[in-house]
Amino acid sequence: MARILIIDDERAIRKTLTEILGFEGYAIEEAADGEEGLKKFSEKNYDLVLCDIKMPKLDGIEFLEKARELNPDVPVIMISGHGNIDTAVDAVKKGAFDYISKPPDLNRLLITIRNAAEKQNLVTETKVLKRKVSRVQEMVGDSAAMARIRETIEKVAPTDARVLITGENGVGKELVARWLHEKSNRHNGPIVEVNCAAIPGELIESELFGHEKGSFTSAIKQRIGKFEQANGGTLFLDEIGDMSLSAQAKVLRALQEGKITRVGADKDINVDVRVVAATNKDLLKAVEDKEFRLDLYHRLGVIIIHVPSLNERRDDIPELIEYFLQQIANEYGQPKKSMDANAVKALQDYRWTGNIRELRNVVERLVILSGKTISLSDVEHFVLPAK
């Protein structure tokens, strides 16, 4: 149900339009002048605005200009009993969806409103689709650490060198892997991800290398493993530190020889795969504890990229907040909310245990629970007690 804001200084006009459009199923709010209308427009989300031109305090053209600055996607239909062709042309030039003379023809008014609402829906759907087809999210931040990561990616991506990405949970290791693939000569091929921590040890070999029908009890048909699926592209082994030693040995062979063998098979299969691995563990400590193979560590870590925690790059937090505010607005099909400086500072001083992932969740929580401008009190009420 579309939400419509009617701005007109004539009470009878507002009442008539409210009754007609309410009967058509629209949710209506009213404002008696341009100033009140602009205040409501800045505080709430509307799908459409009907606005008179000649009004006290703030006329319709001034409202239109300011509304376009706040949210250019919301259609504004101008209505006036004092206008002429020049007024109509001026209104449309300044961004009005259409111009209707008073008293409005009911059929034309309803058709215009329907068209404007459909346009708004198309704008929202287009934003959602653009987000969905975007292949890789941006790497946000201008800190020295992020500059080094970008520089390393630019140098390493065009090669086939294996890369080990280290860092805490939630810092964006997968994003680094995806940018390595995107900027590589393999970008037209697949990027296949395996979360080694999420797969039981007894199944990891089948997941990576595939299996033949009947090779074990539940193998009711042949399965193609992740190495084969990633042929010609990139295989991203996330949480590599949680891989079993037996699987590590087979991965090592695949890296050394470029061949894999499905579980239950005798035949070798050649694979052309670039392996990028990631871990939140200290792999050298795992080597000392006999939990990780030293030779595999050296094979994987031709290039090592360390992604710092959010607490180590607090200068990037304001930019990340702006990025997430826009991203969430696009996802919800709503105007972007803003966050005042005190709220941003509070989030900069916050102790982040979940890094970028936690920050994104916090911004989404604030978008959902706060008004158009997220304040320090919102942060104190909705974020700080969570600790």
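The values are calculated or read from the model by the stated rules, or taken from the named source; none is laboratory data. Bear in mind that the values here come from a model prediction, so they are computed numbers and not experimental data. For neighbour counting, all protein chains shown are included, and Cβ atoms are generated from backbone atoms with ideal geometry for every residue, glycine included.
One table, with the values for the structure above:
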item: Unique match (being at pLDDT 95 or above, aliphatic (A, V, I, L, M) and part of a helix (DSSP H, G or I)) among Ala177, Ala88; result: Ala177
item: Residue check, Leu294 surrounded by fewer than 18 Cβ atoms within 10 Å (Cβ to Cβ) and touching a residue at least 40 places away in the same chain (Cβ under 8 Å); result: no
item: Every residue from region 340-387 that is crowded, with 16+ Cβ neighbours inside 10 Å, over 26 Å from Leu70 (Cβ atoms) and among the charged types (D, E, K, R); result: Glu358
item: Meets criteria (of a type in the set (A, V, I, L, M) and modelled with pLDDT of 95 or more) for Leu235; result: yes
item: Every residue from region 324-337 that is within 11 Å of the chain's Cα centre (by Cα) and within 15 Å of Ile374 (Cα to Cα); result: Phe324, Leu325, Gln326, Ile328, Ala329
item: Residue match in region 10-19 (condition: part of a loop (DSSP other than H, G, I, E, B) and touching a Pro at 6+ places or on another chain (Cβ under 6 Å)); result: no
item: Count of residues meeting criterion [touching a Leu at 6+ places or on another chain (Cβ under 9 Å), assigned to a helix (DSSP H, G or I) and crowded, with 19+ Cβ neighbours inside 10 Å] in region 227-246; result: 3
item: Out of Ala197, Ala249, Ala230, sole residue that is more than 19 Å from Ile165 (Cβ to Cβ) and touching a residue at least 12 places away in the same chain (Cβ under 8 Å); result: Ala249
item: Near pairs, Cβ below 6 angstrom, 6+ apart or cross-chain, from region 342-353 (more than 12 Å from Ser375 (Cβ to Cβ)) to any residue that is assigned to a loop (DSSP other than H, G, I, E, B); result: none
item: Verdict on Leu50 being surrounded by 14 or more Cβ atoms within 10 Å (Cβ to Cβ) and at pLDDT 85 or above; result: yes
item: Failed condition for Ser42, given (1) under 31 Å from the mean Cα position of the chain (by Cα); (2) hydroxyl-bearing (Ser, Thr, Tyr); (3) buried (at least 18 other Cβ atoms within 10 Å of the Cβ); result: (3)
item: Among the residues listed as Leu294, Leu366, the single one being at pLDDT 95 or above and closer than 28 Å to Lys281 by Cα; result: Leu294
